[in-house]
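All remarks here apply to the structure that follows.
The values are calculated or read from the model by the stated rules, or taken from the named source; none is laboratory data. All figures in this text were calculated on a predicted structure; none of them were measured in a lab. Don't worry about glycine lacking a Cβ; one is built from the backbone with ideal geometry, like all the others, and counts go over all protein chains shown. All accessible areas refer to the heavy atoms of the entire protein, side chains included, with ligands and DNA or RNA removed. Shrake-Rupley method; radii C 1.70, N 1.55, O 1.52, S 1.80 Å.
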Amino acid sequence: VLLCYGNHDLPGDLDVFGKLRAAHPIYVIDRPHCLRFRLATGAPATAFVLPYPTKAGLTASGIAPADVIATAADLLDPFFMHAAGELAQALAAGDLTFMIGHVNVAGAIMSVGQPNIGREIEISAAHLDRLGDIYKGLNHIHKGQQIAGAWYPGSVCRLNWGEIEEKRHLEIELQRDGDRTDYRVRHRPIDVAP
């Protein structure tokens, strides 16, 4: 199980899950990096995990508050470049590779049909393209959608009156296909109250 910190989690909130004695390890990720582990099937995998990038972290490092959003994209790029290199090495070693994260993608659509307008830190299609054609599963946007090669399953329940879209979860099948990780995404509707 991979968990990464999101925008509603305070430091330490999720750490208790990593201490549970479960049938399979539970990894709690609080900083962007690639993690190598074994899937429940026993297959080796490496995932790039991107927790929610916070404005506070950049402001604390000396970035002027008015410059945080513009600066964040440039500061996130080296993380994606480094992850792309690590994922390529992992793939060459025989691992299945993918990405998960809790982040906004520029242009993502909200439940009422309005696109995000750049008021928070976001990643771009160029960031995601660095990782190649792998499964990129993201959370943060409540409306399920595919954008810039990434998949948002959306929220599992209606969290406000504007969320009229179908709720769902995604099942992802990963397998080796020569020198790449092929993936298949299945949509599974969730019956939730209107």
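Quick notes
- Classified by the C-alpha gyration tensor, segment 56-180 has an oblate form. Its axis ratio a/c, with a ≥ b ≥ c, is 1.5 or above, and a/b does not exceed b/c.
- Over the chain, relative contact order from alpha-carbon pairs under 8 Å, at least 6 apart, %: 16 percent
- ³J(HN,Hα), Karplus 6.51/-1.76/1.60, whole Hz, each residue of segment 157-168, x for Gly, Pro: 8, 7, 9, 7, 5, x, 8, 9, 6, 4, 9, 7
- Accessible area of segment 1-121 belonging to carbon and sulfur atoms, whole % at 1.4 Å probe: 60 percent
- Euclidean distance of C-alpha centroids, segment 1-74 and segment 86-126, integer Å: 13 Å
- In the full protein context, segment 16-99 carries 56 Å² of accessible surface per residue, based on a 1.4 Å probe and ignoring ligands, DNA and RNA.
- Sequence of CYS34, CYS157 when ordered by accessible area, the most exposed leading, probe 1.4 angstrom: CYS157, CYS34
- Label reach from GLN89 (point 7 Å along Cα→C-beta): in segment 6-35, amide nitrogens under 14 Å belong to 33-35.
- At a probe radius of 1.4 angstrom, the accessible area of segment 104-194 per residue rounds to 56 square angstrom.
- Based on the Kirkwood approach, the hydrodynamic radius assigned to segment 6-79 is 14.6 Å, with every pair of different Cα atoms included.
- Sequence-separation-based contact order of segment 45-102, relative, with Cα cut under 8 Å and 6+ spacing, percent: 65 percent
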